[in-house]
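Take this structure, written in structure tokens, and hold onto it; I'll ask about it next.
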Amino acid sequence: MSHEKLEKIFSGLKPGETALIEYEPASSPELLFYLLFRYCKSKGIDLIVDDIADTLIEFMTRLKLTGLATPELEKTDVMKIGGYRNIGRLIGAIELDKYTLDFKYYEKIYDKWRAGKDTVFNPVLGMHKIFMMSERNEAMRLVRNISKFVGNTTRIAFYFINQKTLQESTPEVLYLLEEISTSILKWERKCESVTLRVIKASNHRICGEMAVLSAKDILEYR
């Protein structure tokens, strides 16, 4: 039943959505990333990771310590944005210039990669790191650029955001991201379980849904 609830949430997201995944610092967001990867593998969905400032290798290191990292996960397609520690199959790299992104160059690489594919899943890891380093005007420009991708039916984007970090550093950015996102998912963890909760959704059939998984559920998810 736990797996069914999780898959109902993932499958209920629509092409073109921008889903905001809000997590607390101690909630182990890498576990949700792992579940998202396993879901894509089981359903034959192409996945590309936007790895900002080496967040992916941080996730992978913690997954290895829990015994969840797999050779398949380490071969996932990656768009590298800033940072210098590579992992996965690199399809493009973008330098951070004064903590801003060259979105035109990003789109060029992305469009070439996704040609011929159905709607892809696109986890974006570490976006809050850019906001923490940005001046107010740069942060607002970045939010506007993110909003332009809403409705791009070639993908479903999942922005993993450390909620507490943005609330304390740039709360207005968090509120704007919540406004422009089509869905908001809350990720929570207690020692014995994790919970994914839908608090906003463009699909009314999943709004309010909640998936609670034990450590055993995560290990057995295929």
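Could you grab me the full set of residues in region 141-179 that are of a type in the set (A, V, I, L, M) and either more than 16 Å from K14 (Cα to Cα) or open to solvent by less than 40 Å² (accessible area, probe 1.4 Å) (or both)? Don't jump to the end; show me each part of the working.
As a first pass, look at region 141-179 and keep what is of a type in the set (A, V, I, L, M): 142-143, 146, 150, 156-157, 161, 166, 173-174, 176-177.
Answer for region 141-179, where residues must be of a type in the set (A, V, I, L, M) and either more than 16 Å from K14 (Cα to Cα) or open to solvent by less than 40 Å² (accessible area, probe 1.4 Å) (or both): L142, V143, I146, I156, A157, I161, L166, V173, L174, L176, L177.
Looking at (1) aliphatic (A, V, I, L, M); (2) crowded, with 20+ Cβ neighbours inside 10 Å; (3) under 30 Å from I218 (Cβ atoms), which is the only condition I91 fails?
Only one criterion in (1) aliphatic (A, V, I, L, M); (2) crowded, with 20+ Cβ neighbours inside 10 Å; (3) under 30 Å from I218 (Cβ atoms) is unmet by I91, namely (2).
May I ask you to list the residues in region 130-153 that are in contact with a strand residue (DSSP E or B) (Cβ under 6 Å, 6 or more places away or on another chain) and more than 20 Å from S183 (Cα to Cα)?
E138
Tell me yes or no: at least one residue of region 5-21 is touching a Leu at 6+ places or on another chain (Cβ under 9 Å), more than 15 Å from F158 (Cα to Cα) and surrounded by fewer than 22 Cβ atoms within 10 Å (Cβ to Cβ).
Yes, that holds for at least one residue.
Return yes when R89 is under 18 Å from the mean Cα position of the chain (by Cα) and charged (D, E, K, R) and no when it is not.
Yes; evaluated as a whole, the condition is true for this residue.
Being open to solvent by 80 Å² or more (accessible area, probe 1.4 Å) and assigned to a loop (DSSP other than H, G, I, E, B) is the filter; apply it to region 205-222 and report the residue that is nearest to Y39 (Cα to Cα).
Selected residue: R222.
Still on this structure, please answer the following. Residue check: is R114 open to solvent by less than 40 Å² (accessible area, probe 1.4 Å) and closer than 20 Å to L47 by Cβ?
Working: open to solvent by less than 40 Å² (accessible area, probe 1.4 Å): no; closer than 20 Å to L47 by Cβ: yes.
Considered against the rule, which asks whether it is open to solvent by less than 40 Å² (accessible area, probe 1.4 Å) and closer than 20 Å to L47 by Cβ, R114 comes out as no.
Same structure, new question: Can we say I81 is aliphatic (A, V, I, L, M) and open to solvent by 30 Å² or more (accessible area, probe 1.4 Å)?
no
Can you find a residue that is on the phi > 0 side of the Ramachandran plot and out of contact with any His (no Cβ under 7 Å at 6 or more places or on another chain) anywhere in region 155-178? Spell out how you get there, then give the answer.
First, pick out the residues of region 155-178 that are on the phi > 0 side of the Ramachandran plot: none.
No - not one qualifying residue is present in region 155-178.
Quick one: in region 117-129, of everything that is open to solvent by 20 Å² or more (accessible area, probe 1.4 Å) and touching a strand residue (DSSP E or B) at 6+ places or on another chain (Cβ under 8 Å), which residue is modelled with the lowest pLDDT?
Initially, region 117-129 is screened for residues open to solvent by 20 Å² or more (accessible area, probe 1.4 Å), giving 117-119, 129.
From the residues that got through so far, the ones that are touching a strand residue (DSSP E or B) at 6+ places or on another chain (Cβ under 8 Å) too are 119, 129.
Values: T119: 97, K129: 91.
Residue satisfying both the conditions and the ranking: K129.
Out of all the residues in region 201-220, is one or more basic (K, R) and without any contact (Cβ under 8 Å) to a residue 24 or more places away in the chain? If you could, list the steps in order and put the result at the bottom.
To start, the set of residues in region 201-220 that are basic (K, R) comprises 205, 216.
Now narrow it down to the ones that are without any contact (Cβ under 8 Å) to a residue 24 or more places away in the chain: 216.
So far as region 201-220 goes, yes, one or more of its residues are basic (K, R) and without any contact (Cβ under 8 Å) to a residue 24 or more places away in the chain.
Pick from region 34-52 the residues that are of a type in the set (A, V, I, L, M, F, W, C) and open to solvent by less than 30 Å² (accessible area, probe 1.4 Å): which of them is nearest to G126 (Cα to Cα)?
For region 34-52, the residue satisfying everything is I52.
The values are calculated or read from the model by the stated rules, or taken from the named source; none is laboratory data. What you see is a predicted model; the values in this text were computed from it and never measured. Positions of Cβ are generated from backbone atoms using ideal geometry, with glycine treated the same way; all protein chains shown enter the neighbour counts. Note: accessible area is taken over every heavy atom of the protein model, side chains too, but ligands, DNA and RNA are not part of it. Shrake-Rupley method; radii C 1.70, N 1.55, O 1.52, S 1.80 Å.
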